[in-house]
Structure formats: structure tokens, C-alpha cells
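Structure first, then comments.
The values are calculated or read from the model by the stated rules, or taken from the named source; none is laboratory data. Because the structure is a prediction, the values reported are computed rather than measured. In this analysis, Cβ positions are derived from the backbone assuming ideal geometry, glycine residues included, and neighbour counts consider all displayed protein chains. Keep in mind that these areas ignore ligands, DNA and RNA; they rest on the heavy atoms of the full protein, side chains included. Shrake-Rupley method; radii C 1.70, N 1.55, O 1.52, S 1.80 Å.
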Amino acid sequence: MRLAALADIHYSKTSHGSLQPLFSQIAESADVMMLSGDLTDYGLAEEARILAKDLAQVKIPMVGVLGNHDFESGQERDIAQILSDVGVHMLDGDTWEFRGVGFAGVRGFCGGFGRGALGPWGEKIIKDFVHEAVQEALKLESALARLKSDHRIVLMHYAPVRATVEGESPEIFPFLGSSRLEDPLSRFEVTAVFHGHAHRGQPEGKTQTGIPVYNVAHSVLRASYPDRPPFRLFEVHTASPQDQSVTPIGDRRQWGRRSTDRSDDQQGVGGGNPS
Ligand SMILES: [Fe+2]
Ligand SMILES: [Fe+2]
């Protein structure tokens, strides 16, 4: 089964149609499209409706999580509903299974990595901040516990490991993810993890137990693979339950028909808002 992954498309009020060629290409190449958050730019329902119109043309199953930008205007529930209405399985501590592959998704949160992770000590507001990351990790853990599939794929917006935020300014690492999100991945031996948020991070990393972590932020893919369209394609070996690997498919000839002009894909992405 082929999975296409992308994140941080940051659809704005002027993005109408901007990624439609990319979505079409994904639908021709993959069996499932995964969206790892920051689907809108200012978290407006209006932006989500513009994206939903473009996604409505996609005839393969879609699964996604929200990102921090999708919360900016307090309209995150509307955004999730609008995208659900066009068939995106929006996960917030939820699961979805398709052809023997299980998906679990959370937004995640920040707080830093490893020994540098913020601890729940001192002021209440610090404890509340840490609590948010702990809660997201618990949501992920309970979602993974419910999955009975041989292959378990995780979507999140924030990074669970430091490796895929390398390249960003070290000063902002603590705001790009949390290693509290890593524990459930290892405990449930997930097949692979896909996140975004670190727009200037690295495309690939691993958890301490060797689980592959992919940063599929739109700008990371553009910078890392300038000769390819900005999504990543993976093969999950569904015929072999024991084979827990995912194989990145990087050869364009394996992707199905390719559009000739990708220059319009960048519209609606990024803007002045980091991550
Ligand atoms: Fe983000
Ligand atoms: Fe982003």
C-alpha cells in the first residue's frame, strides 16, 4: 500500500486551487494521502473551506491531524469538521484503519527534547504547559493501544525527536516538539511517524529504538528534494505482516503520471508565520 505524506500547506484565503495539481498527482500515485497539520494559515474556517474544495477532488482516502496554525483563530473544531465533510479522517487521539494498516494521530505539543525537555516544576503555568505535552502523549498512547493492525502509522504535527528539527535555530528547538511524544512510539513499535511544523528541519530521523521519523513539512521537502514534487511517497508492505519497514519511493518513474509544471504549487504556503 502506498502512502503519500505532506504537511504545512498553510492554505490561506488566496490559496484557491493552488495545490490542486499536487493533490491530483498524489491521488494518481498513492492509496492514502496523509496530512500532518498546519493545513490552514490563520486557522480560519474560511481557509479550510478553500482547502476542502481542492481536496474534494481527491478520490483516495485521506487522513490528517491539525497543527498549531489551525488553532490560531479558535476555529479548530470547524476546521476539522469542514475537512471531515470532504472525507478527511481527522485524528485527535483517534484511530483509522484501511486495508490492514492502522493510523493514529494527534497534534502533539512542544517542550523540548531529551535532557533539555521542560519539566513540570515551579509555577502553575509551567506545569500546565508541560501537562499539554503529556496529555498529547497519553492520547497517542491510548490510540495506539486500540490499533490491532500489523502496521501502525502515526501522524502528528510537532516533532517527537530532535533529529528532524535540526537545521532550525537551536533557540527554538523547544517550541518545535517534545520527546514526551517519543515514548508511545517505541512502546507500540510503530512502523513510521510523519510530522511537520519544523519548516527548516531535516526530512528524516529515527527514534531511539530505530523507528523512522519523517518531517514532511512542505518547505523541508522543497529544500531537500528540489527535483521532486513536494510530497513523499512510501510503500507499506501489507502482504508481509512481519515486515515492519516502510520503503520511501524516490524514483519519479515509480510515481505514476507526473504533471509537467509544478510552479504553482508554492502559492498559499508559508507566508510570514513560522512553522
Ligand atoms: Fe506548525
Ligand atoms: Fe507550519
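Of note:
- Residue in the range 62-73 that is closer than 28 Å to H151 by Cα and among the aromatic types (F, W, Y) present: no
- Of all residues in the range 105-142, those satisfying the criterion of being at positive phi and either touching a Leu at 6+ places or on another chain (Cβ under 8 Å) or among the aliphatic types (A, V, I, L, M) (or both) are G108, G111, G112.
- One residue from E132, E141 being modelled with pLDDT of 95 or more, open to solvent by 50 Å² or more (accessible area, probe 1.4 Å) and either in contact with a helix residue (DSSP H, G or I) (Cβ under 6 Å, 6 or more places away or on another chain) or β-branched (V, I, T) (or both): E141
- Residue match in the range 187-202 (condition: more than 16 Å from ligand 1 (Cβ to nearest atom), part of a helix (DSSP H, G or I), farther than 27 Å from L22 by Cβ and of a type outside the set (V, I, T)): yes
- Some residue of the range 218-226 being in contact (Cβ under 8 Å) with a residue 12 or more places away in the chain, open to solvent by less than 10 Å² (accessible area, probe 1.4 Å), assigned to a strand (DSSP E or B) and within 14 Å of ligand 2 (Cβ to nearest atom): no
- Search result, residues across the range 165-202 that are more than 24 Å from H131 (Cα to Cα), under 18 Å from the mean Cα position of the chain (by Cα) and open to solvent by 20 Å² or more (accessible area, probe 1.4 Å): E166, H199, R200, Q202
- Looking across R107, R115, one residue alone is modelled with pLDDT under 95 and either within 16 Å of ligand 1 (Cβ to nearest atom) or over 22 Å from V154 (Cβ atoms) (or both). It is R115.
- In the set D70, D41, only one residue is under 21 Å from Y158 (Cα atoms) and free of Cβ contacts under 8 Å to residues at least 40 places away in the same chain; that residue is D70.
- Residues within the range 246-274 that are modelled with pLDDT of 80 or more and open to solvent by 50 Å² or more (accessible area, probe 1.4 Å), tallied: 2
- Test result for K124, open to solvent by 50 Å² or more (accessible area, probe 1.4 Å) and in contact (Cβ under 8 Å) with a residue 12 or more places away in the chain: no
- Residue within the range 233-245 that is open to solvent by less than 10 Å² (accessible area, probe 1.4 Å), outside any helix (DSSP H, G or I), touching a helix residue (DSSP H, G or I) at 6+ places or on another chain (Cβ under 7 Å) and under 22 Å from V32 (Cα atoms) present: yes
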